[in-house]
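Heads up, the thing below is written out as structure tokens.
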Amino acid sequence: MRAQGEPEAAPEHDGAKRFFLWTIGCQMNEAESAKAAALLSRAGYLQTYLEREADVVIVNSCVVRQAAEDKVAGKLGALMDLKRRRPDVRIALTGCMVTGQETRLAERFPHVDLFYGPSQFDRLVRIAPELAEVDLDLADLPHYYDEGVADPNVTAFVPIIYGCNFVCSYCIVPYRRGRETSRPLHQIVDEVQRLVARGVREVTLLGQTVNAYGHDLPNHPDLADLLAAVDAVDGVQRVRFLTSHPKYMSDRIVQAVADLPSLCEHINLPVQAGDNEVLRRMRRTYTVEHYRERIDYIRRTIPGVTLATDIIVGFPGETDEQFQHTYELLGELRFDKVHVAMYSPRPGTLSNRWEDDIPRVEKKRRHTAIEALQAGLLTERMHGNVGRCYEVLIDGRSRERWRGRTRGNNLVFFDAPGDWKGKLVDVRVTDSTPWFMLGDAVGVHEYAVSGR
Ligand code: SF4
């Protein structure tokens, strides 16, 4: 029996080392965790979902809001107990919390063995020496993540551009992820081909400013060029992209979404505020008029398009009247999805120098007002879908039903015996809430050789 305080032995298993991943934040973090998993799998490690049996633990962090940073700190605190019981376990912290903060973090979390910034996979070798034998080019091939998995994902995230050249006054991302760096077009197409061969049906191309893609590459291909190349990959059923900046939402990109068969009719275009003075202080570099014109062009060009946006409420100095302009813009443009967040000051950003003068209770009121507005709009809109049929890609099960998304990114559930994962199913909507639809499967699409 182990005496209290005495270190535990490493758990007994089949000899293979195991890794445990904990990820919070954006899709880019999910994609980077998948890459870390791919590399460790290639080095002979097995993934475990029980941290107590892991030899390597990787925490992939987010600091976009204080709440996310608090969760990361909580997770690292909890891992202190694991490290005390199992000093042999190796713990790494990566993601936006790390860049330029290593010394401070090492003092605060002395039980963490390695701090590495986003995409610095080569540094993992310090806690997983077996990686010395692995070709690190695999870091560009996250589909290896699914290698040998009996039930691989049918959707995948593919980063196409890293970093951000904007300096929005509230945002920490450019300080932690650096300048924009696009991946070569042929490398992305190659990756999509491999993903499709692995059974992936839908890819989402990722970037902090995804529609800035290509300006730093030879010959300057743009996102429209890349979308055409990805659409031409045999077998790809659906293509999406996240997150766009209104300044770079060119006619060419919108036209590509309209013209290319695999491009889903859904665009996420964060506006952040509906007041020009707030946008100016946010350093967003566009006006409400420009944004409205882009939305109008998108709706005229892409029939049936669905639209999502992001909003920050309670930005420093945001008056009632300025908030009302945001509220009215949302009522006017009637988005299909609004991600609303309360302003959270981030050390190191420009807006952090300004007083965070909107009381939390007022931020909450504005947040609730927008959510109520959206709930009302979507109750009506989603109810209008009852009786209609939608093509749904089934990506798994939840709530004891089959779950999938329409091309417009609406969540759909249905109940039926059999294995539907990965299938493109026609679902007739029988009921709705503001957030999802329920329906019956009425047909299944065959995947054509051309992928259409
Ligand atoms: Fe941050 Fe602005 Fe860049 Fe988006 S565009 S990542 S909000 S700096």
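Laid out as a table, the results:
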| quantity | calculated |
| --- | --- |
| Inter-site label distance for residue 354 and residue 334 at 7 Å from Cα along Cβ, in nm | 3.3 |
| Cα-Cα over 25 Å, subset of 17/421; 247/423; 75/421; 71/421; 71/364 | 17/421; 247/423; 75/421; 71/421 |
| Nitroxide proxy distance, nm - points 7 Å out along Cα→Cβ at residue 27 and residue 215 | 2.1 |
| Radius of gyration and Dmax over the Cα atoms of the chain, both given in Å | 23.0, 72 |
| For the range 167-232 versus the range 265-311, the gap between their alpha-carbon centres in whole angstrom | 21 |
| Rounded Å value of the spacing that divides the Cα centres of the range 365-382 and the range 319-334 | 13 |
| Signed unit charges on C-beta, dipole axis of the chain, positive-most listed residue 432, 260, 287 | 287 |
| Accessible area in the full protein assembly, largest first, 1.4 Å probe, for 366, 252, 405 | 252, 405, 366 |
| Built amide H within the under 5 Å cut-off of residue 283, gap 5+ | 169 |
| Long-range amide H partners of residue 214 with built H, under 5 Å | 182 |
| Pairwise FRET efficiency - residue 397 versus residue 293, Cβ, R0 = 41 Å, nearest 0.05 | 0.45 |
| Full-stretch length increase - residue 444, residue 130 - with 0.36 nm per residue and alpha-carbon distance subtracted | 108.6 nm |
| Anchor residue 35: aspartates and glutamates whose Cα lies under 14 Å away (excluding residues fewer than 8 positions away in-chain) | 122, 135, 137, 140, 146, 147, 191 |
| Per the chain, cysteines lacking a partner by the 4.7 Å Cβ criterion | 26, 62, 96, 164, 264, 389 |
| Carbon and sulfur %, accessible surface of the chain computed with the full protein complex present, 1.4 Å | 51 |
| Gain on full stretching of the segment that runs from residue 300 to residue 190 - 0.36 nm per residue minus C-alpha separation | 36.3 nm |
| Within-12-Å neighbourhood charge of residue 334 [Cβ basis; K, R +1; D, E -1] | -1 |
| Full-stretch length increase - residue 389, residue 320 - with 0.36 nm per residue and alpha-carbon distance subtracted | 20.6 nm |
| Heavy-atom SASA rank of 126, 403, 108, 65 (probe 1.4 Å, accessible area, largest first) | 126, 108, 65, 403 |
| Around residue 320: net Lys/Arg minus Asp/Glu count, Cβ-Cβ under 15 Å | -3 |
| Ranked order, 243, 326, 103, 430 - accessible area, probe 1.4 Å, largest first | 103, 430, 243, 326 |
| 12 Å beta-carbon shell around residue 346, net charge (K/R +1, D/E -1) | +1 |
| Hydrodynamic radius of the range 265-359 per Kirkwood, over alpha carbon pairs, in Å | 14.0 |
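The values are calculated or read from the model by the stated rules, or taken from the named source; none is laboratory data. What you are looking at is a predicted structure, and each value in this text was computed from that prediction instead of being measured. So basically every Cβ, Gly included, is an ideal-geometry build from the backbone, and we count neighbours across all protein chains shown. Keep in mind that these areas ignore ligands, DNA and RNA; they rest on the heavy atoms of the full protein, side chains included. Shrake-Rupley method; radii C 1.70, N 1.55, O 1.52, S 1.80 Å.
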